[in-house]
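See structure below.
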Amino acid sequence: MSITYFISKRHLISHHKIGYISFISIISIIGLSVGVAALILTISILNGFEREIETKLIGFDSHIRLRLFFNETVDSTSHIEERLYEYPGVRHVVPYIHIQAMIRHGKEADGVVVEGISEEDIGKTLQLSNIVTEGDIEFNLKDGSDGIVIGKKLADYLNVDLSSNVYLFAFRGLPGATGYSRVGKFKITGIYDSGMSDYDDIFVYTSLSAAQDLFELGDRFSGFQIMLDDAFQADNIAVNINEDLGYPYHALSWTDLHSTLFEWLNVQRIPILLIFGLIAVVAVFNIVSTLMMIVIEKTRDIGVLKTMGVNRAQTVSIFLLDGLIIGVAGTLLGFIISTALAWIQNRFGLISIPRDVYFMNQLPILLQWQNYLIIGIGAILFSMTATIYPALKAVKLTAAEATRYE
């Protein structure tokens, strides 16, 4: 055991004339551990929100949507579909319709977005069947009527359930003498609940042919839904498609289509981390005060050590080791606290949040080893940095000054 390590350990855990210095050392370790745990949990919660939203959006929507500017429709005789399959990673390309309409049942009415896609193709690009909580996806009914799948929030607003009939109004032109509307009757065959109430309230799904008939599109449609082997390659492939096809085609990835949600997360990330990071800063100041107390109490001891031949470098090393011991102990304790709290929350869901606001009903926590590594190294480095001022004060003490009044 080296003399610097021996003295550092004695500084932190041995009995002192100022009896509460060991207690302050423990408080410094606990303070640092709270700061480390707070930072890990904060960034893990933000990552958890992002993962949950990504998972829901990837399951709720296709990876890329290719459509035309100004809401123009695509001719079914075009050969765009064959060209899209040439891009690496493209698994499915499905024609779809995406047009606004009004839905009505009894006296209740609301604006919706009609998504028209064939019953055979809907499972290729949308995981709608995974979130259907009542009924099933059935668009072509045996009695010849058209089926429709709507969201739970919209169903509650319209006061409808399975087998209820609703009416879709497709408006053409401006209201008045120059405009007109077409009305289609649909039977509710399924009710879905994605957990994202803002989307459940808007999107309704029916067959491609029924939507084409309602909006008088003939064989035309809004564009293509594209499914990839890797959803996180959507941005790159969308850029390539836009460069190759050009105007009037416009490809949007799922992150582009829902960019508002991700911007909301990014806006909150920096201030939240800043606020909780102040806890760790307070812990660093606690370390400085602890080591300054040690310098004050150990003034005579420092002088004795210098008369025994301990040089400036060894004196600095003693205090650096003090900071290292506090940093490592506080960091490890912070890791244990954050991991334990995250496991409890993920296992039992003790902290609940409003689903209508956050798209989920409990606080999500996603622990990642990278966060442990970055925050852990940062905490230890800051702890050692906090020792610089106390170490300089100790180094400036001469043997004569330190032992003058002893």
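The values are calculated or read from the model by the stated rules, or taken from the named source; none is laboratory data. All figures in this text were calculated on a predicted structure; none of them were measured in a lab. Quick reminder, even Gly has a Cβ in these numbers, built from the backbone with ideal geometry, and neighbours come from all protein chains shown. Only protein heavy atoms, including side chains, enter the accessible area calculation; ligands, DNA and RNA are left aside. Shrake-Rupley method; radii C 1.70, N 1.55, O 1.52, S 1.80 Å.
Residue 143 fulfils the conditions (1) under 23 Å from residue 195 (Cα atoms); (2) modelled with pLDDT under 90 except for a single criterion, (1). For segment 103-111, does any single residue satisfy the condition of being open to solvent by less than 30 Å² (accessible area, probe 1.4 Å) and either closer than 18 Å to residue 194 by Cβ or hydroxyl-bearing (Ser, Thr, Tyr) (or both)? Checked segment 103-111: at least one residue is open to solvent by less than 30 Å² (accessible area, probe 1.4 Å) and either closer than 18 Å to residue 194 by Cβ or hydroxyl-bearing (Ser, Thr, Tyr) (or both). Scanning segment 313-361 for residues that are open to solvent by less than 70 Å² (accessible area, probe 1.4 Å), of a type in the set (Phe, Trp, Tyr) and assigned to a helix (DSSP H, G or I) gives 319, 335.
Right, residue 64: of a type in the set (A, V, I, L, M), more than 13 Å from the chain's Cα centre (by Cα) and surrounded by 22 or more Cβ atoms within 10 Å (Cβ to Cβ) or not?
Yes: the conditions hold for residue 64.
Residue count for segment 146-166 satisfying the condition of being exposed (fewer than 15 other Cβ atoms within 10 Å of the Cβ) and touching a strand residue (DSSP E or B) at 6+ places or on another chain (Cβ under 9 Å): 5.
Filtered by the rule that a residue be at pLDDT 85 or above and over 17 Å from residue 254 (Cα atoms), segment 50-86 gives 69, 72, 73, 74, 80, 81, 82, 83, 85, 86.
Consider segment 362-387. How many of its residues are loosely packed, with under 15 Cβ neighbours inside 10 Å and in contact (Cβ under 8 Å) with a residue 40 or more places away in the chain?
Start the filter on segment 362-387 by keeping residues that are loosely packed, with under 15 Cβ neighbours inside 10 Å, which leaves 368-370, 373-374, 377, 381.
From what's left, in contact (Cβ under 8 Å) with a residue 40 or more places away in the chain: 368, 381.
Of the residues in that region, 2 qualify.
One residue stands out among those in segment 122-131 that are open to solvent by 30 Å² or more (accessible area, probe 1.4 Å) and outside any helix (DSSP H, G or I): the one that is modelled with the lowest pLDDT, which is 127. Checked against (1) open to solvent by 30 Å² or more (accessible area, probe 1.4 Å); (2) modelled with pLDDT of 80 or more, residue 18 passes all but a single condition, namely (2).
Scanning segment 245-265 for residues that are part of a helix (DSSP H, G or I), more than 13 Å from residue 53 (Cα to Cα) and open to solvent by 70 Å² or more (accessible area, probe 1.4 Å) turns up just one, 256.
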